[in-house]
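Asks: Quick one: structure below, then a few questions.
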Amino acid sequence: MIVKVTEKESKSAMRARTSLMELETLEAPIKIAQQLQQNNKSSLAAIIQKIKHFNPYDVMMVGRGSSDHAGVFAKYLIEIELGLATFSAAPSVTTVYHKRLKLNKTLVIVISQSGRSPDIIQQVEQCRHSGALCIGLLNDTSAPLAEAVDYVIPLYAGAEYSVAATKSFMATLSALLQLVANWSDNRRLQQDLTKLPEQLQKTISQKAQIHSADLQHKQQLIVLGRGLSYAIAREIALKLKEVCSIQAEAFSSAEFLHGPAALVNEHCLIVDIEVEDESFSFHQQVISELQARGAIIVSLRQNNDDINPRLAPLLILQRFYLDIEKVARKSGIDPDNPEGLKKITETL
């Protein structure tokens, strides 16, 4: 069931010491459970057959903001599980520079919460004209973008009113995991996805991992991950900017040593994103080196030993979104109304 929240109810929620951001984050497990049920009944299998028949040489991701971060997650996931080169689109090449790319064997995956940004719609239309197969991961399937793509995979996240996207971003990662798990015929990942809603629900009751004291008087910080954890490091850095007005920058821990590590001193705060996959030992070596240089480390991790590492990023986000919402309110910031931002951003 989709629950619509009026402006009056929003103000009432704030008076009750909660927020739309918190309420929508708490909806994520049930929304993902509904998504899994719907995709089992829907045309997802037929779309995957179309992709296999198209037999793409590569994959282009299209999205802005949090959707672009989901595209980074997709890049690692697709390259790891399917071995297909995956890259991010630059919509301005089409909309500003008026160039058309050669995409006759490219699968284009466009991700959008609103489906209304003119540059994204124009980019996808040009991709189709250039021979690409275009798949849309959309929350609003009535949006104009739904008409621009060849096939739509609904996110089923429901209406989202908080400016800071939470449940829709997690639903996007879940949809990408379902797409890749079935496309690659990864039976273990398919099975583990069925347990994801329950694992997310358990994460809600776990202890906070980041507190207002960690961020007190911090105007700048660094977020580090590797591989799939780097993808969500970008999202976490964005939320720290949006919700707490902190200048947070995300790096791959591998890239951080190539220059940015010069920023590290005894006052440097690093948010360490721990996903225990194939990259974990390499990532931890970098964290240990930075800690030895005097950096203050705050680690975000999944507290579940039997989680599939491909799903772990969602558990980390589930906990982080709840934690950072409380940090914002304790700092006197309304997480539902970040200064200078609005829910739908239209770019050209």
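Asks: Residues in the stretch 272-284 that are surrounded by fewer than 17 Cβ atoms within 10 Å (Cβ to Cβ) and in a loop (DSSP other than H, G, I, E, B): how many?
Replies: Selection size over the stretch 272-284: 2.
Asks: Would you call E255 part of a helix (DSSP H, G or I) and among the acidic types (D, E)?
Replies: Details: part of a helix (DSSP H, G or I): yes; among the acidic types (D, E): yes.
In short, yes.
Asks: Of all residues in the stretch 216-271 being out of contact with any Leu (no Cβ under 6 Å at 6 or more places or on another chain), of a type in the set (S, T, Y) and crowded, with 24+ Cβ neighbours inside 10 Å, which is nearest to L315 (Cα to Cα)?
Replies: S229
Asks: Is it the case, given these coordinates, that L238 is farther than 23 Å from N39 by Cα, in contact with a Phe, Trp or Tyr (Cβ under 6 Å, 6 or more places away or on another chain) and outside the structural domain of L20 (by TED's automatic domain parsing)? Full working, then the answer.
Replies: Details: farther than 23 Å from N39 by Cα: yes; in contact with a Phe, Trp or Tyr (Cβ under 6 Å, 6 or more places away or on another chain): no; outside the structural domain of L20 (by TED's automatic domain parsing): yes.
It is false that L238 is farther than 23 Å from N39 by Cα, in contact with a Phe, Trp or Tyr (Cβ under 6 Å, 6 or more places away or on another chain) and outside the structural domain of L20 (by TED's automatic domain parsing).
Asks: Let me ask something else. Which members of the stretch 285-296 meet the condition of being touching a Ser or Thr at 6+ places or on another chain (Cβ under 9 Å) and surrounded by 14 or more Cβ atoms within 10 Å (Cβ to Cβ)? Lay out the reasoning, then the answer.
Replies: So the first thing to find is which residues in the stretch 285-296 are touching a Ser or Thr at 6+ places or on another chain (Cβ under 9 Å), and the list is 285-287, 290.
V286, I287, L290 - these are the residues of the stretch 285-296 that are touching a Ser or Thr at 6+ places or on another chain (Cβ under 9 Å) and surrounded by 14 or more Cβ atoms within 10 Å (Cβ to Cβ).
Asks: Residues being within 27 Å of E27 (Cα to Cα) and charged (D, E, K, R): count how many of those fall in the stretch 199-255.
Replies: Qualifying residue count, the stretch 199-255: 8.
Asks: Checking Q285 against (1) of a type outside the set (F, W, Y); (2) at pLDDT 95 or above; (3) in contact with a Leu (Cβ under 8 Å, 6 or more places away or on another chain): exactly one of these is not met. Which one?
Replies: Only one criterion in (1) of a type outside the set (F, W, Y); (2) at pLDDT 95 or above; (3) in contact with a Leu (Cβ under 8 Å, 6 or more places away or on another chain) is unmet by Q285, namely (3).
Asks: When you check S92 against the structure, is it under 18 Å from the mean Cα position of the chain (by Cα) and farther than 18 Å from W183 by Cα, yes or no? So that I can check it myself, show each step before the final result.
Replies: Numbers: under 18 Å from the mean Cα position of the chain (by Cα): no; farther than 18 Å from W183 by Cα: yes.
For S92, the condition - under 18 Å from the mean Cα position of the chain (by Cα) and farther than 18 Å from W183 by Cα - is not met.
Asks: Restricting attention to the stretch 95-118, which residues are without any contact (Cβ under 8 Å) to a residue 60 or more places away in the chain and either farther than 28 Å from N182 by Cα or of a type in the set (D, E) (or both)?
Replies: Residues satisfying the conditions are Y97, H98, K99, R100, L101.
Asks: Between S112, S92, S117, which is in contact with an Asp or Glu (Cβ under 9 Å, 6 or more places away or on another chain) and under 27 Å from L311 (Cβ atoms)? I'd like the intermediate steps shown before the answer.
Replies: On the way: S92 fails: under 27 Å from L311 (Cβ atoms); S117 fails: under 27 Å from L311 (Cβ atoms).
One residue alone meets the criteria, S112.
Asks: So which pairs qualify, if the first residue must be in the stretch 248-268 and on the phi > 0 side of the Ramachandran plot, the second must be of a type in the set (D, E, K, R) and in a strand (DSSP E or B), the Cβ gap must be under 9 Å, and the two must be at least 6 apart or on different chains?
Replies: Hits for this filter: zero, empty list.
Asks: A further question follows. All but one of (1) out of contact with any Gly (no Cβ under 9 Å at 6 or more places or on another chain); (2) assigned by TED's automatic domain parsing to the domain that holds I78; (3) touching a residue at least 60 places away in the same chain (Cβ under 8 Å) hold for Q190, so report the exception by its number.
Replies: Checking Q190 against (1) out of contact with any Gly (no Cβ under 9 Å at 6 or more places or on another chain); (2) assigned by TED's automatic domain parsing to the domain that holds I78; (3) touching a residue at least 60 places away in the same chain (Cβ under 8 Å), the one that fails is (3).
Asks: Let me ask something else. Mind listing just one residue for me: the one in the stretch 297-331 that is surrounded by fewer than 16 Cβ atoms within 10 Å (Cβ to Cβ) and charged (D, E, K, R) and, of those, nearest to A208 (Cα to Cα)?
Replies: This residue is K330.
Asks: May I pose another question? Taking interchain pairs and intrachain pairs at least six residues apart, which have beta carbon atoms under 9 angstrom, with the first residue in the stretch 67-92 and assigned by TED's automatic domain parsing to the domain that holds I111 and polar (S, T, N, Q) and the second surrounded by fewer than 17 Cβ atoms within 10 Å (Cβ to Cβ) and outside any helix (DSSP H, G or I)?
Replies: From residues that are assigned by TED's automatic domain parsing to the domain that holds I111 and polar (S, T, N, Q), the pairs are T86/D58; S92/T347; S92/L348.
Asks: Okay, moving on. Please tell me if E266 is under 21 Å from T203 (Cβ atoms) and charged (D, E, K, R). Show your work before the answer.
Replies: On the way: under 21 Å from T203 (Cβ atoms): no; charged (D, E, K, R): yes.
Criteria not met by E266.
Asks: For the stretch 302-341, give me each residue that is at pLDDT 95 or above, basic (K, R) and farther than 19 Å from L177 by Cβ.
Replies: K326
Asks: Report the residue count in the stretch 150-185 for those that are more than 23 Å from L23 (Cα to Cα) and either among the aliphatic types (A, V, I, L, M) or in contact with a helix residue (DSSP H, G or I) (Cβ under 6 Å, 6 or more places away or on another chain) (or both). Talk me through it step by step, then tell me what you get.
Replies: Taking the stretch 150-185 and keeping what is more than 23 Å from L23 (Cα to Cα), we get 150-153, 176-185.
Applying the additional criterion that residues be either among the aliphatic types (A, V, I, L, M) or in contact with a helix residue (DSSP H, G or I) (Cβ under 6 Å, 6 or more places away or on another chain) (or both) yields 151-153, 176-184.
Counting residues in the stretch 150-185 that are more than 23 Å from L23 (Cα to Cα) and either among the aliphatic types (A, V, I, L, M) or in contact with a helix residue (DSSP H, G or I) (Cβ under 6 Å, 6 or more places away or on another chain) (or both) gives 12.
The values are calculated or read from the model by the stated rules, or taken from the named source; none is laboratory data. Treat the numbers as computed from the prediction; the structure is a model and nothing was measured. Note: ideal-geometry Cβ built from the backbone for every residue, glycine included; neighbour counts use all protein chains shown.
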